[in-house]
Structure formats: structure tokens, C-alpha cells
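What follows draws every value from the coordinates through simple rules; no lab data is involved. Nothing here was measured: the structure is a model prediction, and the numbers come from that model. Here Cβ is always computed from backbone atoms with ideal geometry, including for glycine, and neighbour counts include all displayed protein chains.
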Amino acid sequence: MRIWDISRTLSNELAEWPGDEPFHFQLTKTIAEGQSVNLGTIEMSVHNGTHADARFHFDTKGESIEKAPLEIYLGRAVVVDLREAFSQSKGKHLITIEDFQPHSEEIAETSRVLVKTGRWSNSAVFPSEIPVIAADIPAWLQKNGVKLLGLDLPSVDEIDSKSLQNHHALAAAGVAIVESLDLSGAGAGIYDFAALPLKIAGGDGAPMRAVLWRD
């Protein structure tokens with residue numbers, strides 16, 4: 001069995017969403033200083049690195065992350081490689097139905113779509129602009145039985161969006177959101193997928209260790 005780790009590494013160099021809490025890890029006790037163990041502590045936003053958004057993140061009446069059905073985050077998934085379409089030189093900005101249609105059979109078979117754009121390759125530098133899904137994508141995903149959308153980007157909406165219309169539309173379509181994946185080592189195709197969010201009471205999201213594998 002081969003395993004692909006598609007999580008971004010949490011480190012003190014990780015770029016946080018502008019204005020959000022940065023990730024910080026430090027050792028508070030060390031063996032080198034005479035302690036019996038090395039002991040670390042972390043401070044972070046639940047949206048640092050690879051994470052799941054709870055509906056409560058953008059809807060005060062939405063469920064918090066500990067209530068999310070785990071079966072959504074475990075099962076088969078298809079990686080859709082759009083790097084060529086989103087190369088910096090081409091200026092493409094929207095992820096469209098036309099991008100997904102060549103993969104429609106795989107999408108219907110797996111019900112989880114992981115989009116690889118290659119537009120956030122350096123986790124230490126937050127992108128100034130990102131591709132986003134077109135307004136008709138959530139309804140198309142729902143029609144094709146999709147229950148999870150993951151991207152190698154920090155958001156499904158524009159970085160400066162205040163309305164978060166894509167978050168709301170995906171939630172209305174019953175599609176869970178996973179953001180900030182690292183799909184650089186995973187090629188296109190179908191995999192087994194697991195990315196379980198931490199069980200945080202009242203959480204608006206949660207970090208996750210996301211992996212793909214094939215027997």
C-alpha cells in the first residue's frame with residue numbers, strides 16, 4: 001500500500017490567513033535541560049494549514065465541527081489536476097463546470113473531489129490571489145452526488161470576500177469544505193481518502209491530517 005500525505009506541515013513558518021492567529025509551536029520542557037520528557041505546546045487558529053470548515057464558520061445557525069458526520073471525510077476521492085489550466089501565464093481565474101466535465105464519471109463514482117491547481121506551492125507565503133469556483137459549481141456538484149470538495153487553496157471564496165457566497169452555496173448543496181490541501185505529490189485519479197477533523201466542541205473548523213492511499 002502506498003500513502004500520500006496531502007496535509008500542509010504545521011510550523012512556525014506557515015503563512016496564516018491575513019489577520020488570523022498564526023501557528024506557533026514551542027517546547028516548554030526539554031530533556032536537554034534536565035526534564036524527564038520533551039513537552040511542547042501550540043497556539044493556532046483552527047484554520048491554519050489543512051482544515052475542514054464547519055458550517056458555523058460562516059453561519060451562526062450552522063453546526064459546529066464536532067457534529068460533522070465523519071463518513072463524509074472517509075472514502076474514495078478523485079484528484080482533478082487543473083495545473084495546466086491555472087498556470088500563472090494563462091490568467092485563468094474560475095474553476096468551471098467545463099474543468100470538471102472530463103472527470104464526471106470519476107466524480108460520480110467517488111463523491112469526493114480534490115482540486116489541484118498548483119497555485120499555492122509555498123506554504124510560507126500567503127497567496128495574494130487564488131482561483132475560485134464558479135457560481136454554478138455547487139449545484140453541479142450536488143447534481144453529481146458530490147459530498148466533499150477539497151482544494152489546494154486557502155479558501156473556496158475570494159481572499160477579500162465578505163459574503164462568502166461559495167461557502168454558503170456549497171453548504172446549501174450539502175458539500176463539505178476542505179481547504180489548504182497539499183496535492184503536489186498526488187497525481188490525477190481515484191484514491192482512498194481520509195481526513196478527519198479534530199473533535200473541537202463548538203469549533204468553526206478543525207485541523208486535519210489528510211491522506212490518500214492505494215492498495
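Checked against the criteria, THR9 does not count as closer than 17 Å to GLY205 by Cβ and in contact (Cβ under 8 Å) with a residue 60 or more places away in the chain.
Of all the criteria given as (1) assigned to a helix (DSSP H, G or I); (2) of a type outside the set (Gly, Ala, Ser); (3) loosely packed, with under 15 Cβ neighbours inside 10 Å, the one not satisfied by ASN122 is (1). Among the conditions (1) assigned to a helix (DSSP H, G or I); (2) charged (D, E, K, R); (3) touching an Asp or Glu at 6+ places or on another chain (Cβ under 9 Å), the only one that ASP192 does not satisfy is (1).
Taken together, the residues in the range 1-21 that are surrounded by 10 or more Cβ atoms within 10 Å (Cβ to Cβ), in contact with a strand residue (DSSP E or B) (Cβ under 8 Å, 6 or more places away or on another chain) and of a type outside the set (Ser, Thr, Tyr) amount to 8. One residue alone among VAL79, VAL46 is in a loop (DSSP other than H, G, I, E, B), among the aliphatic types (A, V, I, L, M) and either in contact (Cβ under 8 Å) with a residue 24 or more places away in the chain or farther than 30 Å from ALA201 by Cα (or both), and that residue is VAL46. For the residues LYS116, LYS61, the requirement of being among the charged types (D, E, K, R) and more than 22 Å from GLY174 (Cβ to Cβ) singles out LYS116.
Only residues that are in a loop (DSSP other than H, G, I, E, B), of a type in the set (D, E, K, R) and exposed (fewer than 14 other Cβ atoms within 10 Å of the Cβ) were counted in the range 49-76, giving 2.
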